[in-house]
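Report on one structure; see the data block that follows.
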């Protein structure tokens, strides 16, 4: 049986992804155990935040600082976790509201509103159609590049070339994160059903 | 990754816009990550803005999935204590 070159590449990619999944799961579970033991009494929304933030931190940590997005994400997510830890340790549990809002804001700022496909309005003097189309395309690329910068952690300060590299790496890491979380959720649901 | 700008049509600076080469590179890699990308036209001329849009949509959908999964796991992972069946399975997965 002969493998095509692309098949070989796929196998290699699958193997490296499997190792990433393992690393992610390990780091994530270790962190969850740490957070869980120090904060036994948590609300459902707090638990969700912990689960999500620790998953992000784990996803970024296995990069070992090699990518910009991972460093930015660790910073953002750690801030979120610190706010939680601080409020959980304080005696007045009512003081949690401001930090919950700040974390929610931080997470919300990562999501951006859907960029609707709009007709770009040209307010310039009439030009030949060919040039017009090109300037529309240019503007659209610029706009969508900006959208991408908002989606990738730390993207704001990236130049276009590194943005693309970081985007590819970020997407692959997100896929790893989603795969592991989904497997865990399905497994847990299956176990709990018994 | 190639930084050649063979098809740059404007006189803008090097990092002010993504070149066609980079877009082609990104597209081919994205195709591998995301098989469902709309590549009916297998030409190298799929628009840069379309690729960027697909990328952004995909990232947003991944973010949503992570959020949904976090919600699901909240009910399920009450504690990762040593005796739970999840812990045993996770341990065996990690140690492989």
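The values are calculated or read from the model by the stated rules, or taken from the named source; none is laboratory data. Please read all numbers here as calculations on a predicted model, not as lab measurements. Counting neighbours? That spans all protein chains shown, and the Cβs are built from the backbone with ideal geometry, glycine included.
Quick one: which of A:66, A:15 is part of a loop (DSSP other than H, G, I, E, B), at pLDDT 70 or above and loosely packed, with under 11 Cβ neighbours inside 10 Å? Steps first, please.
On the way: A:15 fails: part of a loop (DSSP other than H, G, I, E, B).
Just one listed residue meets the conditions, A:66.
Pairs needed: first member in region A:156-183, more than 7 Å from chain B (Cβ to nearest Cβ) and in contact (Cβ under 8 Å) with a residue 40 or more places away in the chain; second member anywhere, surrounded by fewer than 23 Cβ atoms within 10 Å (Cβ to Cβ) and outside any helix (DSSP H, G or I); C-beta distance under 7 Å; at least 6 residues apart or different chains.
A:166/A:67; A:166/A:158; A:169/A:67
Which is facing chain A (nearest Cβ under 9 Å), surrounded by fewer than 18 Cβ atoms within 10 Å (Cβ to Cβ), outside any helix (DSSP H, G or I) and modelled with pLDDT under 75, of B:12, B:93?
Numbers: B:93 fails: outside any helix (DSSP H, G or I).
Of B:12, B:93, the one residue that is facing chain A (nearest Cβ under 9 Å), surrounded by fewer than 18 Cβ atoms within 10 Å (Cβ to Cβ), outside any helix (DSSP H, G or I) and modelled with pLDDT under 75 is B:12.
What's the number of the only condition in (1) modelled with pLDDT of 80 or more; (2) assigned to a helix (DSSP H, G or I) that residue A:153 fails to meet?
Of everything listed in (1) modelled with pLDDT of 80 or more; (2) assigned to a helix (DSSP H, G or I), residue A:153 misses just condition (2).
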